[in-house]
Amino acid sequence: MKNNITKYLLLACSAMVLFSACRKDSFEGDSAAGKGKDFVRITEGKVRSQFFSPFTTINEINMFSVRKDAASDGALNKANTFVLTDLGQAYITKYNTEHGTDYELLPTNMYTQKTDASIVKAGNTLTFNFAAGDFAKNYILNVDGSKFDPSKKYVIAYVLSNTGGLTAKAGKDTIISAIALKNKYDGVYSVDGSMQDFTNSTLGHINEFLSSASNTTGVSAPMEYELRTISATKCELYDNYFFGGNYIPIRSGTSYSQYGSFALVVEFDPATDKVVAVTNYYGQPAGNTRSAQLDPSGTNAYDAGAKTVKIKYRMLQPSVVVAPPNIRTVWDETWTYIGER
């Protein structure tokens, strides 16, 4: 489970940081100094999204990083110059059309570039000057939170247009870096409630497994979910506690499982704090015919004082439950705010 492996991941990541400045390619045959290509990449490409609690100060935000992956110490100790070109509004408009997003270019009056003599902005280009031994540089903006419109997702977009003689890493030569404010529902919540699958009595709420004697995972009840901001009115429900991903874990007999291609996107009305809709993160419906629906008999609202969401929702699956309204499973839950994610 995710919590059980965290300490091992931290150890592994620490080792990666120590040894990643000079990349060692795998190869067959005799060892040779400088074997392999030297790459340059935008570490977070192609899309990076960051959400922040509302702020009115001027805050530093790391928008993206440019990294040099050297195949040898000799290559690492050479100076390089890399150029990135602003992709502009036309690219963002096209991207929005193709991906159903609503990004807007970050207005120039909202930020200044953090002073760094090695990163030079001129017109629509950014020039990154890497001295000998440099292997990464962050592009940081000073963003004025007082000018943030909470309903918008602001972006900058760049392409690596001059690789300084190195090879651009496939899929890592462009970046859309988005910043937005978290909505008021964003956070980590503990989960209490019930679940009923009308087609399979051996399936039940994940808390039934997490609190059972057969649970040897090291993760205990209650279940926790994160509400992650998508927009000013919508959050995705994310499992960062058990599986790790967009899942709704369930009890299966004396063990655990999850419904494939089913997770929630929850929509609120900020004026009333009512939950007005839920949809399936994987499509409404997903390829397996599963979709999400509010059960109108539930409270379906956020209580700002108690910091709870009371919600009753359904999974519809007409491929399994043929007769309308095709309801397979119902959850009746209370999500209680624990803290920021």
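The values are calculated or read from the model by the stated rules, or taken from the named source; none is laboratory data. Here the structure is a predicted model, which means the values were calculated and not measured. Here the Cβ is made from the backbone with ideal geometry for all residues, glycine too, and neighbour counts use every protein chain on show. For the accessible areas, the whole protein counts, side chains as well, though only heavy atoms, and no ligand, DNA or RNA atoms are used. Shrake-Rupley method; radii C 1.70, N 1.55, O 1.52, S 1.80 Å.
Computed values, structure above
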| read-out | value |
| --- | --- |
| Verdict on LYS68 being more than 19 Å from the chain's Cα centre (by Cα) and either charged (D, E, K, R) or at pLDDT 95 or above (or both) | yes |
| Subset of the stretch 310-324 [in contact (Cβ under 8 Å) with a residue 12 or more places away in the chain and either among the hydroxyl-bearing types (Ser, Thr, Tyr) or surrounded by fewer than 15 Cβ atoms within 10 Å (Cβ to Cβ) (or both)] | TYR313, SER319 |
| Among (1) without any contact (Cβ under 8 Å) to a residue 60 or more places away in the chain; (2) over 23 Å from THR336 (Cα atoms); (3) surrounded by fewer than 18 Cβ atoms within 10 Å (Cβ to Cβ) - the single one ALA271 does not satisfy | (2) |
| Strands (runs of 3 or more DSSP E) contained entirely in the stretch 127-182, each with at least 1 residues that are among the acidic types (Asp, Glu) and open to solvent by less than 40 Å² (accessible area, probe 1.4 Å) | 136-144 |
| Single match in PHE198, PHE242 (criterion: over 15 Å from the mean Cα position of the chain (by Cα), open to solvent by 50 Å² or more (accessible area, probe 1.4 Å), modelled with pLDDT of 95 or more and of a type in the set (A, V, I, L, M, F, W, C)) | PHE198 |
| Matching residues, the stretch 274-309, being of a type in the set (Lys, Arg), at negative phi and open to solvent by 50 Å² or more (accessible area, probe 1.4 Å) | LYS274 |
| Subset of the stretch 71-112 that is among the hydroxyl-bearing types (Ser, Thr, Tyr) and without any contact (Cβ under 8 Å) to a residue 24 or more places away in the chain - its residue that is least open to solvent (accessible area, probe 1.4 Å) | THR93 |
| Enumerated strands (runs of 3 or more DSSP E) restricted to the stretch 227-341, each holding at least 3 residues that are over 18 Å from LYS182 (Cα atoms) and among the aliphatic types (A, V, I, L, M) | 274-280, 308-316 |
| Of all residues in the stretch 113-126 being among the β-branched types (Val, Ile, Thr) and farther than 16 Å from ASP173 by Cα, the one that is least open to solvent (accessible area, probe 1.4 Å) | ILE119 |
